[in-house]
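**Student:** So that we are looking at the same thing, I have put the structure below in C-alpha cells.
The numbers here are math on the coordinates, done by the rules we state, and not lab data. Nothing here was measured: the structure is a model prediction, and the numbers come from that model. Note that each Cβ is placed from the backbone with ideal geometry, even for glycine, and that neighbours are counted across all protein chains shown.
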Amino acid sequence: MSGVLKKLAKALSKNEIEIVDLTQTLHPGTPVIQLPPNFAPSAPFSMSEISRYDDRGPAWYWNNLAMGEHTGTHFDAPIHWISGKDLKDGATDTVRPQRFMAPACVIDCSKDAAKDEKFLLTPKHILAWEKEHGTIPKGAWVLMRTDWSKRTDPAKFLNMKEDGPHVPGPNADAVRLLAEERDVNGWGVEAVGTDAGQAFAFEPPFPAHALMHGSNKFGLASLCNLDRLPPTGAMIIAAPLKIQNGSGSPLRVIALVDRSDD
Ligand code: 23J
Ligand code: MN
C-alpha cells in the first residue's frame, strides 16, 4: 500500500501513463439534445466577454457563461431522473467523491453503428464482450464506443428524422444487466445523450436514464476518443461541478492508460 502515489507520480513522469482527453470542446455550436416541442428546451452554450485587457479590465480577460447542465461532454447525476429523485447522494454536490475515479470497460460498437444508425446494444453483445475480456467488475464505467463523436456536423451528430433521432444506444435489458447485475459506476456514450435515439418508445422509456439513475448510477454523454482506449484497464477521472442540487454538469473527462509495456 505504502508509496502507491509515489509510484503513480514516477510512472507519470516517465510517460508510462498516457492521459487521453475524452472531452469535446464547448463552444456556441455545441449540439444540444432536442426534445419534442411540448417539453422545455435546454439552453445552448454561450459566452460573453467581461473584459479583455481593455477599459473593462486592463490586465485581465474573462467571460460570463450560460448553458444547460446537460451541454456538451457532461455528467448525468442520479437525481436527473425521477427514478433517482430521492437519493441523498445523487446530486452533483452530494455524490461521494470516491466515485469520481473508476476503471473503464469499453465495448466497441463502431462497426455495428456504422452499419445501423439505430444499433441497439443488448445483453447478448455484453456477454460476448465479457467472454473475451472478462466479467465487468463492480463499480466500473461501461463506455459504448460508436465513433459517433467523429460526426462533426451537428445535424449528423443529432441525426434527427421524422420518427425521432436515429442514434445508437443500449436496449432496456442491457441497461438492466449493467445497473442491477454488474453494479457498474455508470454508463457512458459518444452521442448527445446516454439513451438510444428511439428510447422514448422503449419499456421503460429512456432506460439508460430511468434504470441507471434509479440504481444510483451515473451517465456520461458526448464523450470522444474512446477509440484510443483499451477494452479494459483504463482509469477514468470524471468529477462534475459541485453545483448545489445539480442534476449534472459539463466536465472534463480524462482517461489514464497504462503504456509501461510500450
Ligand atoms: C432530458 C430529457 C430526456 C433526455 C435527456 C435530458 C438527456 O439525454 C440528458 O442529457 O440527460 S434523453
Ligand atoms: Mn444528460
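**Student:** For segment 1-55, just say rounded, prolate or oblate: build the C-alpha gyration tensor, square-root its eigenvalues into a ≥ b ≥ c, call rounded for a/c under 1.5, and beyond that prolate if a/b exceeds b/c, oblate if not.
**Tutor:** oblate
**Student:** What GluC sites (Glu not before Pro) does segment 115-168 have in DSSP loop regions with at most 12 other beta carbons within 10 Å?
**Tutor:** Qualifying residues, ordered by number: 162.
**Student:** List, in the order given, every pair from 124/156; 88/217; 111/161; 115/150; 85/138 whose Cα-Cα distance in the structure shown is over 18 Å.
**Tutor:** 124/156; 111/161; 85/138
**Student:** How much net charge surrounds residue 36 when only the other residues with a Cβ under 15 Å from the Cβ of residue 36 are counted, with Lys and Arg +1 and Asp and Glu -1?
**Tutor:** Charge balance near residue 36 sits at -2.
**Student:** Mean-square fluctuation check for the chain, GNM, Cα pairs under 10 Å: which of 247, 48, 149 is largest?
**Tutor:** 48
**Student:** Per residue of segment 42-47, in order, report the coupling 6.51 cos²θ - 1.76 cosθ + 1.60 (Karplus, θ = phi - 60°) as ³J(HN,Hα) in whole Hz, putting x for Gly and Pro.
**Tutor:** The phi angles translate into 9, 6, x, 6, 9, 9 Hz.
**Student:** Give me the percent relative contact order of the chain, please, defined on Cα pairs under 8 angstrom at least 6 residues apart.
**Tutor:** After rounding, I find 30 percent.
**Student:** Tell me the Rg and the Dmax, in Å, that the Cα atoms of the chain produce.
**Tutor:** 18.9, 64
**Student:** Assign one of three labels to segment 1-109, namely rounded, prolate or oblate, based on the Cα gyration tensor with a ≥ b ≥ c the square roots of its eigenvalues; rounded applies when a/c is under 1.5, prolate when it is not and a/b is larger than b/c, and oblate otherwise.
**Tutor:** Since a/c reaches 1.5 but b/c is at least a/b, the shape of segment 1-109 is classed as oblate.
**Student:** Is the C-alpha gyration tensor of segment 88-154 telling us rounded, prolate or oblate? Criteria: a/c under 1.5 is rounded; beyond that, a/b larger than b/c is prolate, otherwise oblate.
**Tutor:** Taking the square roots of the gyration eigenvalues as a ≥ b ≥ c, segment 88-154 is oblate.
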